[in-house]
Amino acid sequence: MSVVGDDPVLLLGLLAFALLLVALPWGFWALSSGKTSSGVRVLIALANLSLTSQLVLRWWQSGHFPISNLYESLCFLAWACTLTQLLVERSWPSPLVAAAATPMGLGCVAFASFALPDRLQEASPLVPALRSSWLVMHVSVIMVSYAALLVGSLLSIAVLLIDRDNALELRSSSIGSGGFRKAALAGATGSADLELESVAFSRSEQLDSLSYRTITVGFLLLTIGIISGAVWANEAWGSWWSWDPKETWALICWLVYAAYLHTRLSRGWQGRKPALVAAFGLVVIVVCYIGVNLLGIGLHSYGWFFG
């Protein structure tokens, strides 16, 4: 960490870490008291602003999109996670969201700032394969999709942990949150009128709805990212799909979340079973994003641990 004092980019990363480190216990304290804390959201917003400044400054220093090594990638992922968290909290300002999602942003910044050696925290030139206009399109979309999927999966894990004694009914899969269609087939009167009945969601049902919507957005972005990556791969390497380890795990990730959405849309599974699929998806993303790079194999391992 000897270069920290000479590099404002690293200092901004440490500032974001400090803000998230304060926000995490504050968020759990707010959760225990059952009251939403605007102070936690302010800290998350300041951390996101710090990460935004860090990425813009690194972009200005290096002259290319800040994704040349694992440090920049982790900081970008932390920025996307905190932004996703703020957007989700805007939909439902609950201390549950902050308690569930803040650890992901904090973990990314902590790993980038303290686990990586100095040489991987410094700016590095892009390898030839990355010197393309596709860099911003493909990598940024993939990273934002990871952030949405990770936050959505963390919300699903929260669904598994809270209100475990209460039944969970998936009532917002098709017509949106806040109400569900109830067919009132009044046998006594012979009436077959369809009633619309407004309902109040429980905490677990609200979390489940937010998780479902967040994962849906992440899945759509992941689909766009994989397609753009295939086009870029054909341009760079002459092959649309080479079954590279990163490509293979990205496909596995896509299939896992496709299965999650299928269980939701088909309404075949009730209760917390879909949340288990989303929780498994979180593990798959970690393997796809970090595990493949730790092994240092394949076309996508450049500029990371062994590149």
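The values are calculated or read from the model by the stated rules, or taken from the named source; none is laboratory data. For clarity, every value in this text was computed on a predicted model and none was experimentally measured. In this analysis, Cβ positions are derived from the backbone assuming ideal geometry, glycine residues included, and neighbour counts consider all displayed protein chains. For the accessible areas, the whole protein counts, side chains as well, though only heavy atoms, and no ligand, DNA or RNA atoms are used. Shrake-Rupley method; radii C 1.70, N 1.55, O 1.52, S 1.80 Å.
At a glance:
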read-out	value
Lone qualifier among 70, 15 - being farther than 17 Å from residue 88 by Cα and either open to solvent by less than 70 Å² (accessible area, probe 1.4 Å) or out of contact with any helix residue (DSSP H, G or I) (no Cβ under 9 Å at 6 or more places or on another chain) (or both)	70
Selection from the stretch 234-248 of residues that are closer than 18 Å to residue 289 by Cα and part of a helix (DSSP H, G or I)	245, 246, 247, 248
Search result, residues across the stretch 228-253 that are touching a residue at least 24 places away in the same chain (Cβ under 8 Å) and aromatic (Phe, Trp, Tyr)	232, 237, 249
Spans of helices (runs of 4 or more DSSP H) in the stretch 45-139 with at least 1 residues at pLDDT below 85	70-91, 118-121
Count of the stretch 64-114 residues which are among the charged types (D, E, K, R) and in contact (Cβ under 8 Å) with a residue 12 or more places away in the chain	2
Residue ID - modelled with the highest pLDDT, chosen from residues in the stretch 29-44 that are within 18 Å of residue 158 (Cα to Cα) and surrounded by fewer than 15 Cβ atoms within 10 Å (Cβ to Cβ)	29
Conditions (1) at pLDDT 90 or above; (2) under 24 Å from residue 137 (Cα atoms); (3) open to solvent by less than 10 Å² (accessible area, probe 1.4 Å); (4) not aromatic (Phe, Trp, Tyr): number failed by residue 9	(1)
Flag if residue 52 is among the polar types (S, T, N, Q) and surrounded by 24 or more Cβ atoms within 10 Å (Cβ to Cβ)	no
